[in-house]
Amino acid sequence: MIFMFLSEFVNKYYIEPIVEGTGYNVVNTVTYLAILVLSVFLVFKALNKMNIGLNRDLWINLLPFVFLGGVVRALMDIGFFDSLGVFRYLFTSPFVFFMVFLMAFIPLVIVNRFDLKIRYLGLFGVALLIVFSVGIISNVSEFGFFSLIIGLAILGCFLTYLILVLLGFDEFKDIVNWSPIFSHSLDASATALAIGFIGGYGEQHVLPSLLFEHLSVFAFIPLKLALAAAAVYYVNEVFSNDWKWILKFTILVVGLGPGVRNALIVLMGV
């Protein structure tokens, strides 16, 4: 009896949303959030154990892998991995995060073990990004809408950056502080334009869906920019240096991965 209940529970709240592409619910959202928190803690401990410096160079050389996550997820949406059968679901959320993490972490361990320059990690990430991007390029159909999303994302990030700097928050001049804001500007811009302007798209996450029931979808852009800036500021004020790095990079990942995926979906007219 208990086994049957657990089986139905897992199928309803975890398996069906992945297989049927119905998005997130309260149960799997809370579960994935808990996994994210645990994963961040374990990654932080692992990086410290390997004495890997959490600095600006590592940040920049990991960026290609974050873009890669969005690219791979977008390829999943156009059926690029259908030939893999059931294994294609490894390229959907949340599994795609672990896949891309391994693509970055294993070469990082190798670079660290053999004392290689960190730029080799970035070059490997760029190479992977180029390879997978071929599938995107061959399916481009809505470049105009895509350009609109990128333009709005840059504008939103620039205005937020300008306001913060004028208010005296000079730390946001550093890429480690402003790039998380851009990541959420991209995600918010892609979501707002896809749903509110282009049409034919819907929100799959729980909290934004509730928000859109009461506010215009375009209110999502300034709201998310404000929350991203506040989160970065809070991390800078409260946490020590290494924790600042890992938490801000997490803020970047949860914005840039979905943002790239959503923008590419529009680009391909999916």
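The values are calculated or read from the model by the stated rules, or taken from the named source; none is laboratory data. As the structure is a computational prediction, the values presented were derived from the model and not from experiment. Glycine gets a Cβ as well: all are built from the backbone with ideal geometry, and neighbour counts include every protein chain shown.
For this structure, a couple of remarks:
- Number of residues in the stretch 79-109 that are assigned to a helix (DSSP H, G or I), touching a residue at least 12 places away in the same chain (Cβ under 8 Å) and of a type in the set (Val, Ile, Thr) equals 3.
- Pairs where the first residue, in the stretch 4-19, is not assigned by TED's automatic domain parsing to the domain that holds residue 87 and part of a helix (DSSP H, G or I) and the second is aliphatic (A, V, I, L, M) and surrounded by 12 or more Cβ atoms within 10 Å (Cβ to Cβ), C-beta under 8 Å, 6+ apart: 13/27; 14/27
Per-residue answers, yes or no, for (1) under 19 Å from the mean Cα position of the chain (by Cα); (2) assigned to a helix (DSSP H, G or I); (3) of a type outside the set (Val, Ile, Thr):
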site	(1), (2), (3)
44	yes, yes, yes
48	no, yes, yes
60	yes, yes, no
69	yes, yes, yes
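- If you go through the stretch 237-270 and pick out every residue that is assigned to a helix (DSSP H, G or I) and touching a helix residue (DSSP H, G or I) at 6+ places or on another chain (Cβ under 6 Å), you end up with 21.
- Pick from the stretch 109-145, criterion surrounded by 13 or more Cβ atoms within 10 Å (Cβ to Cβ) and among the polar types (S, T, N, Q), ranking: modelled with the highest pLDDT: 133
- When residues in the stretch 126-162 are screened for being part of a helix (DSSP H, G or I) and either closer than 21 Å to residue 177 by Cβ or touching a helix residue (DSSP H, G or I) at 6+ places or on another chain (Cβ under 8 Å) (or both), 24 of them pass.
- For the stretch 193-216, the count of residues that are surrounded by 18 or more Cβ atoms within 10 Å (Cβ to Cβ), not hydroxyl-bearing (Ser, Thr, Tyr) and not in a helix (DSSP H, G or I) is nonzero.
- Identity of the residue in the stretch 79-108, of a type in the set (Val, Ile, Thr) and crowded, with 17+ Cβ neighbours inside 10 Å, that ends up modelled with the highest pLDDT: 100
Rundown of residues vs (1) in contact (Cβ under 8 Å) with a residue 24 or more places away in the chain; (2) within 27 Å of residue 44 (Cα to Cα), yes/no style:
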| position | (1), (2) |
| --- | --- |
| 111 | no, yes |
| 125 | yes, yes |
| 140 | yes, no |
| 155 | no, no |
| 161 | no, no |
| 165 | no, no |
| 168 | no, no |
| 175 | yes, yes |
| 178 | no, yes |
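- Checklist (1) farther than 18 Å from residue 101 by Cβ; (2) out of contact with any Asp or Glu (no Cβ under 8 Å at 6 or more places or on another chain) applied to residue 71, failing item: (1)
- Residue match in the stretch 14-26 (condition: of a type outside the set (Lys, Arg), under 18 Å from residue 246 (Cβ atoms) and surrounded by 17 or more Cβ atoms within 10 Å (Cβ to Cβ)): no
- Evaluated against (1) surrounded by fewer than 20 Cβ atoms within 10 Å (Cβ to Cβ); (2) of a type in the set (A, V, I, L, M); (3) within 17 Å of residue 266 (Cα to Cα); (4) in contact with a Leu (Cβ under 9 Å, 6 or more places away or on another chain), residue 153 falls short on exactly one condition, (1).
- Where residue 185 falls short, out of the listed (1) at pLDDT 90 or above; (2) more than 23 Å from residue 228 (Cα to Cα); (3) part of a helix (DSSP H, G or I): (2)
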